[in-house]
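Enquirer: Dumping the structure here so I can ask a few things about it.
The values are calculated or read from the model by the stated rules, or taken from the named source; none is laboratory data. Source: prediction; values computed, not measured. Cβ placement follows ideal geometry from the backbone for every residue including glycine, while neighbour counts extend to all protein chains displayed. For the accessible areas, the whole protein counts, side chains as well, though only heavy atoms, and no ligand, DNA or RNA atoms are used. Shrake-Rupley method; radii C 1.70, N 1.55, O 1.52, S 1.80 Å.
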Amino acid sequence: GPQEMFENWLLVEDIQVKDAMTLDANHVLIVYKQNGQEITRRVVRGPTLFIPDAQEWIHDFDWHGCDLSNLGRWIPHAHKFTKLSNVPSQIYLNVRDVRTNDDTLLLVKLMVFYELSDIETMLNYTHDPIADFINAVSSDIIAIASQMSYEEFLQQTHQLNQLASYPQLTSRADRIGFKIKKVFYRGYQASSALQATHDEAVEKRTKLKLYREEEEQQQHLQEFKLKREKKRTKLKQEMERKIQEHTQELERLKQDTVIVKEKLI
């Protein structure tokens with residue numbers, strides 16, 4: 001447009017009026033075109049105003065979408081769109097039914113930072129990269145937890161912030177045209193009974209630690225007092241010894257004086 005066209009039913013099958021598509025610099029369109037039996041595909045990058053030809057149609061993406069009422073839970077086919085973002089992004093993931101080697105079930109919360117690096121590879125090798133991320137990171141977490149007990153898992157959670165702990169996630173992302181930039185561990189969730197038991201154990205350990213520290217401080221104080229008392233006693237004995245020596249010296253001098261006087265007489 002702008003254009004006027006008469007819908008001649010002998011020549012025209014259908015006329016539809018649609019808005020042109022506005023693309024900013026951070027989005028692209030995937031456009032298909034049919035020429036006879038051949039179908040070609042091209043990437044339209046923004047910023048631009050795109051108007052498709054009569055033989056062209058736009059790719060519809062159908063990915064997992066985040067459940068807004070439960071952050072970290074993903075619903076199949078919940079995110080439908082046509083404008084593909086090509087800027088780095090992140091998703092919240094909750095990995096459910098993670099079992100340790102002592103049969104403790106956990107829910108592990110993560111945040112995955114990723115970037116689309118190759119659009120053609122993504123179009124060729126996946127229909128839903130979010131689903132691929134979910135499956136891959138779940139496999140990595142389950143593999144890690146299966147080698148540890150519940151207590152060991154809690155002590156080693158710092159490993160979940162290291163990208164090297166997610167070989168399946170990074171490998172799968174590379175195969176579908178994405179790069180995983182970082183994985184951030186957001187915590188875990190256990191059953192209410194297990195969590196209560198763990199909290200009670202933590203509280204007991206904390207009390208014992210505080211009691212031990214208090215006892216150590218009391219012992220240090222007693223040792224300090226004993227040292228001071230010992231030093232004070234030693235000083236007192238030294239003073240008494242000197243006084244006694246002085247008294248004896250005076251007595252000796254007195255006797256010497258008496259002897260001298262007797263000799264003079």
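Enquirer: Can you name every residue in segment 54-79 that is within 27 Å of Ile15 (Cα to Cα), open to solvent by less than 90 Å² (accessible area, probe 1.4 Å) and out of contact with any Asp or Glu (no Cβ under 9 Å at 6 or more places or on another chain)? Show your work before the answer.
Expert: At the first step, the residues of segment 54-79 found to be within 27 Å of Ile15 (Cα to Cα) are 54-61.
Going one step further and asking which of them are open to solvent by less than 90 Å² (accessible area, probe 1.4 Å), we end up with 56, 58-59, 61.
Listed by number, the residues that qualify are Glu56, Ile58, His59.
Enquirer: Consider segment 82-107. How many of its residues are in contact with a Phe, Trp or Tyr (Cβ under 8 Å, 6 or more places away or on another chain) and under 22 Å from Lys181 (Cβ atoms)?
Expert: 6
Enquirer: If Asp256 meets every condition in (1) open to solvent by less than 90 Å² (accessible area, probe 1.4 Å); (2) under 60 Å from the mean Cα position of the chain (by Cα) apart from one, which number is that one?
Expert: (2)
Enquirer: Can you tell me which residue in segment 166-185 is nearest to Ser138 (Cα to Cα), limited to those that are of a type in the set (Gly, Ala, Ser) and open to solvent by less than 40 Å² (accessible area, probe 1.4 Å)?
Expert: Keep residues of segment 166-185 that are of a type in the set (Gly, Ala, Ser), which gives 171, 173, 177.
Checking which are open to solvent by less than 40 Å² (accessible area, probe 1.4 Å) leaves us with 173, 177.
Values: Ala173: 14, Gly177: 20 Å.
Of everything passing the filter in segment 166-185, Ala173 is nearest to Ser138 (Cα to Cα).
Enquirer: OK, next. Residue check: is Asn8 within 34 Å of the chain's Cα centre (by Cα) and in a loop (DSSP other than H, G, I, E, B)?
Expert: Details: within 34 Å of the chain's Cα centre (by Cα): no; in a loop (DSSP other than H, G, I, E, B): yes.
For Asn8, the condition - within 34 Å of the chain's Cα centre (by Cα) and in a loop (DSSP other than H, G, I, E, B) - is not met.
Enquirer: Also, quick follow-up: In segment 30-53, which residues are without any contact (Cβ under 8 Å) to a residue 60 or more places away in the chain, open to solvent by less than 100 Å² (accessible area, probe 1.4 Å) and hydrophobic (A, V, I, L, M, F, W, C)?
Expert: Val31, Ile39, Val44, Phe50
Enquirer: A further question follows. Within the set of pairs 6+ apart or on separate chains, which have a first residue in segment 138-167 that is over 17 Å from Lys181 (Cα atoms), a second that is open to solvent by less than 30 Å² (accessible area, probe 1.4 Å) and aromatic (Phe, Trp, Tyr), and C-beta atoms under 6 Å apart?
Expert: Hits for this filter: Ala145/Phe153.
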